[in-house]
Amino acid sequence: MADYVKMWENLGMDLETHDLLCQVLPTAVGDVFMTQENRPKAMDFWDLVISEVHGIRPAELIEEQKKGRKVFGTFCVYVPDEVVIAANGIVTGLCGGSQFWVPGGEAVLPKNTCPLIKASVGARLGRTCPFFRIADMYVGETTCDGKKKAYEILGKDVPMYVMDVPQMKREKDILKWKEEIAEFAKKVEEFTGNEITVEKLADAIRLVNEKRRALKRVYDARKSENVPISGRDALLMMQISFFDDPARCAQMCNRLADELEQRNRDGVSVVPAGTKRILLTGTPLAVPNWKLHNIIETSGAVVVCEEMCTGTRYFENEVDETGTTLDEQFMALSRRYMKNNCACFTPNEGRIDDILRLAKEYKADGVIDCSLKFCNLYDIEKKAVSEALKQAGIPVLSLETDYEDSDAEQLRTRIEAFVEMLNN
Ligand code: BJ8
């Protein structure tokens, strides 16, 4: 690993504690990814990125900041990257996916808060994640109650802007979200000192659409009877896409898609024929949360699709590129982002339609619906999801977990039993 100690020191990080994190990550990467056979060659890019996850991209971001660019840290797929990019800003995802950060979050939040929130707050306050140190501004959103309250805490430590996400999807809500995007654009202009013009926003819309199309190509390759890539590798690619430069992300994903499409033509599969195909749905899996994929794929099944924000919700639906005024473009952004089906909306039947559609498209033998502990929204939706799947004749397993390893064996027992049932 290159020497990034000086950079981390300059970022005001707690080097001693950060060292402990750096010690556990390589083992986790080795156990989850390097034990797999016949991985696509193009995964070498993501292997490199994850091996220096706190080095390569943070160093790039700092270089861009030196040129006067601002970095915006986000926590949710409702925040429109296009607006930031149009003002020559950079977006980086910030959701925490490691148990390492949870105790730091629990110092200021109730224990019965979802681990994603606790880890995000712990990563910031514990000063052990360079991305949380680098971001010039955090952009939150009013999705779930836990996040809303966490933003108040983070806002004391770093400039914070919160977007008010509607809770319903009527036409007036779509209009309201358009207004919210327009106001965010003003804030971004003010913060970066750069004007957002129709041309710049059009370029940004095209760029992010291109990234979406590239991610979709990788996912489309997973629809094949053949399984050209493991769920673990696809998840890693997806997780890193929240941090990477969008043009490079598109380029690397297209390179991977080329290889997967060739594998499908050649009949190259990463699992034996007949391995049961799982569609995973639920709360997002922030890096380095690979727990569930790892358990499923070492229990005789393979994950072929994630109906999650770290999955199809991130790239499905493109933004209409034909807008000729900022107003039309903001409306196009609103329409696209409001098609996303998060459990924070009511009603949220769209998510069930998506799960049923995706299960068919990806030829899933079964669905695992898993939410993070203390996420009421997704937990409550489990009943409706499971009823709809049962009605459609698709086997479903509902689970709940957190970032700790203590329930891993219990999860494995339930997942193995589910896979055995699918095999019979
Ligand atoms: S669009 S899923 S990224 S809000 S898991 S923090 S909901 S208590 S992450 Fe999310 Fe946006 Fe929705 Fe996606 Fe709260 Fe639930 Fe935790 Fe969650």
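The values are calculated or read from the model by the stated rules, or taken from the named source; none is laboratory data. If you're wondering where the values come from, they're calculated on a predicted model, not measured in any experiment. Cβ sites come from the backbone with ideal geometry, for glycine too, and all protein chains shown count toward neighbours. For the accessible areas, the whole protein counts, side chains as well, though only heavy atoms, and no ligand, DNA or RNA atoms are used. Shrake-Rupley method; radii C 1.70, N 1.55, O 1.52, S 1.80 Å.
Here is a yes/no grid of residues against (1) touching a Pro at 6+ places or on another chain (Cβ under 8 Å); (2) in contact (Cβ under 8 Å) with a residue 60 or more places away in the chain:
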site	(1), (2)
M238	no, yes
A247	no, no
L256	yes, yes
D266	no, no
P272	no, no
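Of the residues making up region 161-199, those that are open to solvent by less than 40 Å² (accessible area, probe 1.4 Å), hydrophobic (A, V, I, L, M, F, W, C) and within 18 Å of N340 (Cβ to Cβ) are M163, V165, I174, W177, I181, F184.
Taken over region 343-375, the criterion of being in contact with a Ser or Thr (Cβ under 9 Å, 6 or more places away or on another chain), assigned to a loop (DSSP other than H, G, I, E, B), within 16 Å of the ligand (Cβ to nearest atom) and open to solvent by 20 Å² or more (accessible area, probe 1.4 Å) is satisfied by K373, F374, C375.
Can you tell me which residue in region 75-104 is nearest to Y337 (Cα to Cα), limited to those that are out of contact with any strand residue (DSSP E or B) (no Cβ under 7 Å at 6 or more places or on another chain) and open to solvent by less than 10 Å² (accessible area, probe 1.4 Å)? Residue satisfying both the conditions and the ranking: P80. Could you check how many residues of region 231-259 are open to solvent by 10 Å² or more (accessible area, probe 1.4 Å) and within 15 Å of L280 (Cβ to Cβ)? The qualifying residues number 1. Among the residues of region 312-335, those that are among the β-branched types (V, I, T) and open to solvent by less than 20 Å² (accessible area, probe 1.4 Å) comprise T312, V319. Of all positions in region 21-29, none carries a residue that is modelled with pLDDT of 95 or more and open to solvent by 40 Å² or more (accessible area, probe 1.4 Å). Selection within region 377-401: residues that are within 11 Å of the ligand (Cβ to nearest atom) and touching a residue at least 40 places away in the same chain (Cβ under 8 Å). The member of this set that is nearest to R414 (Cα to Cα) is Y378. Among the criteria (1) open to solvent by 20 Å² or more (accessible area, probe 1.4 Å); (2) within 16 Å of the ligand (Cβ to nearest atom); (3) at pLDDT 95 or above; (4) not β-branched (V, I, T), the one P115 does not fulfil is (1). For region 318-334, the candidate set comprises residues that are more than 16 Å from the ligand (Cβ to nearest atom) and assigned to a helix (DSSP H, G or I); within that set, the residue that is nearest to V198 (Cα to Cα) is L326. Residues that are open to solvent by 10 Å² or more (accessible area, probe 1.4 Å) and among the small types (G, A, S) were ranked within region 287-311; the one that is nearest to the ligand (Cβ to nearest atom) is S299. Here E225 passes the criteria (1) open to solvent by less than 10 Å² (accessible area, probe 1.4 Å); (2) over 30 Å from Y403 (Cβ atoms); (3) not in a helix (DSSP H, G or I); (4) not β-branched (V, I, T) except the one numbered (1).
On the stretch given as region 274-286, residues that are away from the ligand (no atom under 13 Å from the Cβ), in a loop (DSSP other than H, G, I, E, B) and not hydroxyl-bearing (S, T, Y) total 1. Filtering region 260-282 to residues that are in contact with a strand residue (DSSP E or B) (Cβ under 9 Å, 6 or more places away or on another chain) and open to solvent by less than 10 Å² (accessible area, probe 1.4 Å) leaves I278, L279, L280, T281, G282.
Scanning region 118-168 for residues that are within 13 Å of the ligand (Cβ to nearest atom) and part of a loop (DSSP other than H, G, I, E, B) returns T142, T143, C144, V165, P166, Q167. Whenever a residue of region 353-374 is more than 22 Å from K147 (Cα to Cα), its partners that are outside any strand (DSSP E or B) and within 16 Å of the ligand (Cβ to nearest atom), lying with C-beta atoms within less than 6 angstrom and at least six residues away or across chains, give the pairs D354/N341.
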